1. Look at region 187-205 and say how many of its residues are without any contact (Cβ under 8 Å) to a residue 40 or more places away in the chain and assigned to a helix (DSSP H, G or I).
2. Can you tell me which residues in region 14-28 are of a type outside the set (Ser, Thr, Tyr) and in a helix (DSSP H, G or I)?
3. Just one of the numbered conditions (1) in a helix (DSSP H, G or I); (2) closer than 27 Å to residue 128 by Cβ; (3) not basic (Lys, Arg) is not true of residue 65; which one?
4. Residues being touching a helix residue (DSSP H, G or I) at 6+ places or on another chain (Cβ under 6 Å) and under 20 Å from residue 24 (Cα atoms): count how many of those fall in region 149-195.
5. Picking from 11, 40, which residue would you name as being part of a helix (DSSP H, G or I), closer than 14 Å to residue 60 by Cα and among the β-branched types (Val, Ile, Thr)?
6. Kindly provide the set of residues from region 146-156 that are surrounded by 12 or more Cβ atoms within 10 Å (Cβ to Cβ) and either part of a helix (DSSP H, G or I) or small (Gly, Ala, Ser) (or both), ordered by number.
7. Assigned to a helix (DSSP H, G or I) and over 24 Å from residue 130 (Cβ atoms): which single residue out of 175, 184, 215 fits that description?
Amino acid sequence: MEIGEIISESVKYPSSNWKKVIILGILTLLSILIIPAFLVMGYILRTIKASIAGLDGLPEFDEWGEMFFDGLKVFVVEVVYFIIPLIVILAGVGASVISTQGLATLSTATMSLIGVTVLIGLILAAIFGLIATIAIANMAYYDSDLGAAFKFSEILEKISALGWGKYLVWYIVMIVILIIVGIITNIVNNIPFIGILISALLIYPYSNLLVARSIGLLFTSNEE
């Protein structure tokens, strides 16, 4: 399956069952609480798993305990993979805050150093994100086995099998789609009263399912 087919199929996928999109949206709306947040992550993993298995419909909302612990596993994987970039970014931001204490302006050298530190952190986040995405897909492939997300040689072999060029194109397209979603969300959020509800109940779950479906299809695309 080529990138265009993956994106096209993924864009249509959530609209196959708006009821489930809204259920995921309700969980998203409640995700300021810990349990619903993990349920959202767990359902996203379940969606990746279903897509890898070749299923066309959105997965069911059942076995909530299993879904919660799947979400917890996704959270652990993301923490492990992004802790280093996060530390670097926070170091840059922290240095900026400390440097401004009692100072009206920052020197050019200081500003440049802080900017470079944050930039390095963002670059690291993009690089680790490449690995983390397939790591989560690999965990889904092995039926939510947490250890599968850290089989680094196997993960790199999978990316090589997909083709680094194809994977990078897909990754960039996903970033562009998420940027567009972010712009749309900001516009919708400015609608009084209902804007945030629309974003939480429809836009966020739709985009999450789109990305999850796309990851699952990409993961198996070289097997066809």
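The values are calculated or read from the model by the stated rules, or taken from the named source; none is laboratory data. In this text the structure is predicted, and so the values were computed from the model without any measurement. Note that each Cβ is placed from the backbone with ideal geometry, even for glycine, and that neighbours are counted across all protein chains shown.
1. 8
2. Initial filter on region 14-28 (of a type outside the set (Ser, Thr, Tyr)): 14, 17-27.
Scanning region 14-28 gives 14, 18, 19, 20, 21, 22, 23, 24, 25, 26, 27.
3. For residue 65, the exception is condition (2).
4. Within region 149-195, residues that are touching a helix residue (DSSP H, G or I) at 6+ places or on another chain (Cβ under 6 Å) and under 20 Å from residue 24 (Cα atoms) number 5.
5. Details: 11 fails: closer than 14 Å to residue 60 by Cα.
On inspection, the qualifying residue turns out to be 40.
6. Taking region 146-156 first, the residues surrounded by 12 or more Cβ atoms within 10 Å (Cβ to Cβ) are 146, 148-151, 154-156.
Result: 146, 148, 149, 150, 154, 155, 156.
7. Working: 175 fails: over 24 Å from residue 130 (Cβ atoms); 215 fails: over 24 Å from residue 130 (Cβ atoms).
Being assigned to a helix (DSSP H, G or I) and over 24 Å from residue 130 (Cβ atoms) holds for just one of 175, 184, 215, which is 184.
Here's the yes/no breakdown for (1) at pLDDT 75 or above; (2) of a type outside the set (A, V, I, L, M, F, W, C); (3) more than 30 Å from residue 31 (Cα to Cα):
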{"site": "75", "(1), (2), (3)": "yes, no, no"}
{"site": "80", "(1), (2), (3)": "yes, no, no"}
{"site": "84", "(1), (2), (3)": "yes, no, no"}
{"site": "89", "(1), (2), (3)": "yes, no, no"}
{"site": "93", "(1), (2), (3)": "no, no, no"}
{"site": "96", "(1), (2), (3)": "no, yes, yes"}
{"site": "106", "(1), (2), (3)": "no, no, yes"}
{"site": "111", "(1), (2), (3)": "no, no, yes"}
{"site": "117", "(1), (2), (3)": "yes, yes, yes"}
